[in-house]
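Notes follow once the structure below has been shown.
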Amino acid sequence: MRALTGATGFLGREILRSLARDGAEAVRCLVRPGTAPDRIAAAAAAAAGARLEIVPCRLDDPVGLRAALAGARVLYHAAAVKRGPPAALVQGTVAASEHVFRAALAAGVGRVVLVSSFGAMGVADLPRDALVDEEAPLEPHPERRDPYSFAKHRQEALAWRLAREQGLPLAVVRPGFVFGAGQEILGTRIGLRLPGLFLHLGGRGRVPLTFVENCADAVVLAGTAPGALGRALCVVDDDLPESRALLRRYRREVERLPVVPIPFPLLRQLARLNAWYSARTGNHLPPVFTPYKVASTWKPQRYSNRRAKALLGWAPRVPMAEALDRTFAALAPRTREAARPMAAVG
Amino acid sequence: MSGRMREGAGPRIAVVGCGQIADAHVQEARRAGAVVAAVCDASPHLAEQLAARAGVPAWFTDLDAMLAETRPEVVHVTTPPATHLAVARRALGAGAHAYVEKPLTVDAREADQLAEAARRSGRLVCAGHNLRFDPAVRRLEALVAAGALGEVIHAEVMMGYDLGGPFGAIVMSDPDHWIHRLPGGLAQNNLSHPLSLVLPLLGEGAAGVIASGRRLRPERFGDARDRFHDEVRLSLEGQQATAAIQFSCRVRPVQLSLTVYGSRRTALLSTDARTLRLVDGSRLPGPFGKVDWARRDAWAAGRELLSRAEDLARARLHYFEGMRALFRAFYAAAAGAGEPPIPLAEARLAAEIMDQAFAGCRRAERAPEEERAS
């Protein structure tokens, strides 16, 4: 039996689909008690063909977790809080993960695959156009990053500590920006959406994308591939597009957004100004941009998936062109729907 | 910046409870001049994250160890309300003054116990009624004190709440969230603010209260998240004036607005826009009066626009400005230079009114069921 947390999430559903495709082994999904039935139904639909168990279980309930993980050969831990105040991210992602990891140890789970994030790596000090791969260290200054990256860093650091000290059988997958139908493609790495305006911050840099189905395949393989144990693996697809090309296509096919492009050197200066003003005025405006955040997120760099391919035997099943076609096709009708005038009432 | 104290000119403080509001406490305490010596939370992850992100030198998971090692002069209690009394008592027992987030306690009985603990320790307790120190509210307070409104007849507060907002989304995603265990649910965590604004206007002594609660959202979960009232209305009758408070999760824009009707003028206050406008009406006859009234409203709004623009240019529009001002006043009182900024009796009265209000809501809810049963 294999167990999965976060099965009702965007990536979790695809992990479930990939597990179902992978074999006849039963899959046990740990879902938060009170999860909306339609979300569970969507997960169950994704697992069609697999023996599926839905187990309501809070991730801060050690006893319930231990029972839920009993007999699990592999645990895929994909649950995380993505939005909210910093404390809520830490509570839902880090504190909850400690319970999950300790329950996995107690239940004798054979392998724990943690879905981490690119945000857990420290890339700010790498030079422009450097190759980002598993050689990059864990982020040395997570407190200077955004709250999501901070929480993911703390989560991964905790997992490695438990692996060192208590023998947690750990494999870590660090996806880049996971995209696919039903998800906004204009993520932070491309720019920032303001009311009626889009600040394009990614310039000509490549966006470390991974299509949700491809990423899910890599996560699933990390549960069984012998070489993945004790390793962190960066997962991005091949043929990564430039930020400006993605934005151009978005404007052509989805929405004619007014765009203000901000080149990286100017962005760095604006970040200095933002940080100075924020410190000078006691956070009158929050330090949304700081030189460190800007260097971590928008400095043009290159990304490697060599180790994931070598150790997992993984390759992106859906080519980038098709993945983008499917994503944009799902985005376009949604926008047309939103743009349709409201029906007259009465 | 105007009104900003140098960090370090105030007391050594500690923050106990490292949830969402703790970030604001660390930031505003520093702006009020305090040195944040330590943070503490039962969860090591929560304590550590706040210390790391805010650059606080020490973090603890054991309250008594923190009090013994750090010896803070003031402890900010930002834990869930059910633990306020216990945490504040230990802080007072260790010789610290206690600033306690709203609601001060779960009920009036606990508020009495806290007042007793403060009296015994010879230390001060301040309820986190920080909206009383919002700049617009302070301006209104000065106008009322100067008699600019005449005699206050009635006050109305509209307090909006977004269930999809940063905190609302957490409350709605977790049936075991501590909010759902408060006797008055979500409303209890919020009504301290509007009550703190109107209670000083009602006159001395207790106020009569009539309350009703409703749920306008559809049932979706079959658990505690479906049960709390998302619309609560309080009608208060004091010795001198009356007040009405509406807590609403449906009204948009989400806002906190206060209207004070006096025997000479009316005042309209928005804490969101940080504006205060006086309504004088017009003495001109018939249709001329309507134009004149609108002209006066436009002038008042224009003056506020210019003032806020100036505040923006001078970096004076911090979201938690009232919190900073209240901290500063409390630190001064703790140092023996001034009266406690929020009288404990007033916070106790707010707790008593909420006790009555939620008991009233529950009675009203049971009545139709009992009628059906009989």
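How far is the Cα center of the stretch B:115-153 from the Cα center of the stretch A:111-138, in Å?
After rounding, the separation between the Cα centres reads 51 Å.
If you filter the stretch B:192-240 for GluC sites (Glu not before Pro), then keep DSSP loop positions with at most 14 other Cβ within 10 Å, what is left?
In loop regions of the stretch B:192-240 (DSSP not H, G, I, E or B), the sparsely surrounded GluC sites (Glu not before Pro) are B:GLU204, B:GLU219.
Quick check: residue separation of A:ARG256 and A:ALA106 times 0.36 nm, minus the Cα distance between them. What number comes out in nm?
The A:ARG256-A:ALA106 span can extend by a further 48.6 nm.
Given q = 0.11, 0.13, 0.19 Å⁻¹, what are the Debye log10 I(q)/I(0) values for the stretch B:18-175, with equal point scatterers placed on the Cα positions and solvent ignored?
Summing over Cα pairs of the stretch B:18-175 leads to -0.55, -0.75, -1.28.
Stretch B:ALA142-B:ARG314 to full length: gain in nm at 0.36 nm per residue minus the Cα-Cα span?
59.6 nm
Test of understanding: ordering A:HIS153, B:HIS180 by Cβ neighbours within 10 Å, fewest first, what list do you get?
Fewest-to-most Cβ neighbours within 10 Å comes out as B:HIS180, A:HIS153.
If the only charges are +1 at each Lys and Arg Cβ and -1 at each Asp and Glu Cβ, what is the size of the charge dipole of the stretch B:32-108 around the Cα centre, to the nearest 20 debye?
For this selection, approximately 140 debye.
Per DSSP H run of at least 4 residues, take -39500 (n - 2.57); add these up for chain A, divide by its residues and hand me the 222 nm value, nearest 500 deg cm²/dmol.
-12500 deg cm²/dmol
Quick one: grab the alpha carbon gyration tensor of the stretch A:53-103, order the square roots of its eigenvalues as a ≥ b ≥ c, and give me rounded if a/c is under 1.5, else prolate or oblate depending on whether a/b is larger than b/c.
It comes out prolate by the Cα gyration axes.
Report the rotationally averaged projected area of the stretch A:1-143 based on its alpha-carbon convex hull, in square nanometres.
Directional mean of the projected Cα hull area for the stretch A:1-143 stands at 9.9 nm².
Taking loop as defined by DSSP and a crowding limit of 12 other beta carbons within 10 Å, which chymotrypsin sites (Phe, Trp or Tyr not before Pro) in the stretch A:290-329 fit?
Sparse-neighbourhood loop chymotrypsin sites (Phe, Trp or Tyr not before Pro): none present.
Can you return the aspartates and glutamates within cross-link range of A:LYS309? Criterion is Cα-Cα under 13 Å, with same-chain partners fewer than 8 residues away left out.
A:ASP133, A:GLU134, A:ASP217, A:ASP237, A:ASP238
Distances over 33 Å make up what percent of all Cα-Cα pairs in chain B?
Result: 34 percent of Cα pairs exceed 33 Å.
DSSP beta bridges in the protein assembly as shown, what fraction antiparallel, as a percent rounded to 5?
Just about 40 percent of them are antiparallel.
Round to the nearest 0.05 the FRET efficiency obtained for A:ARG204 and B:ARG366 when R0 = 51 Å and r is the Cβ-Cβ distance.
0.15
What would the Debye equation give as log₁₀ I(q)/I(0) for chain A at q = 0.08, 0.11 Å⁻¹, counting only Cα atoms as equal point scatterers?
-0.40, -0.76
If the only charges are +1 at each Lys and Arg Cβ and -1 at each Asp and Glu Cβ, what is the size of the charge dipole of chain B around the Cα centre, to the nearest 20 debye?
For chain B, the charge dipole is close to 1040 debye.
Based on DSSP, what percent of beta bridges with both residues in the stretch B:135-273 are antiparallel, to the nearest 5?
The antiparallel proportion sits near 80 percent.
When the scattering of the stretch B:135-273 is computed by the Debye formula from its Cα atoms alone, each counted once and equally, what is log10 I(q)/I(0) at q = 0.09, 0.10, 0.13 Å⁻¹?
Per q value, in the given order, log10 I(q)/I(0) is -0.31, -0.37, -0.60.
So if we plug the beta-carbon distance of A:ALA130 and A:ALA70 into 1/(1 + (r/R0)^6) with R0 = 45 Å, what FRET efficiency do we get, rounded to 0.05?
Computed FRET efficiency for A:ALA130 and A:ALA70: 0.50.
For the protein assembly as shown, max minus min Cα coordinate along each principal axis, in Å, sorted largest first?
Largest first, the protein assembly as shown extends 80, 65, 59 Å along its Cα principal axes.
Just rank B:ASP292, A:ASP38, fewest to most, by other beta-carbon atoms within 10 angstrom.
In order of increasing Cβ crowding within 10 Å: A:ASP38, B:ASP292.
May I ask you to derive the FRET efficiency for A:ARG248 and B:ARG220 from their Cβ-Cβ distance with R0 = 30 Å, giving the value to the nearest 0.05?
0.15
Within a 10 angstrom radius of the beta carbon, how do B:TYR331, A:TYR277 rank from fewest other beta carbons to most?
A:TYR277, B:TYR331
Just subtract the alpha-carbon distance of B:ARG283 and B:ARG71 from 0.36 nm times their residue separation and send over the number in nm, one decimal.
Stretched fully, the B:ARG283-B:ARG71 segment lengthens by 70.1 nm.
State the answer as a single residue: which of B:SER257, A:LEU75, A:GLY180 lies farthest towards the positive end of the charge dipole of the protein assembly as shown, with beta carbon charges of +1 for Lys and Arg and -1 for Asp and Glu, about the Cα centre.
A:GLY180
No value in this document is a laboratory result; all are computed from the given coordinates. As the structure is a computational prediction, the values presented were derived from the model and not from experiment. Note that each Cβ is placed from the backbone with ideal geometry, even for glycine, and that neighbours are counted across all protein chains shown.
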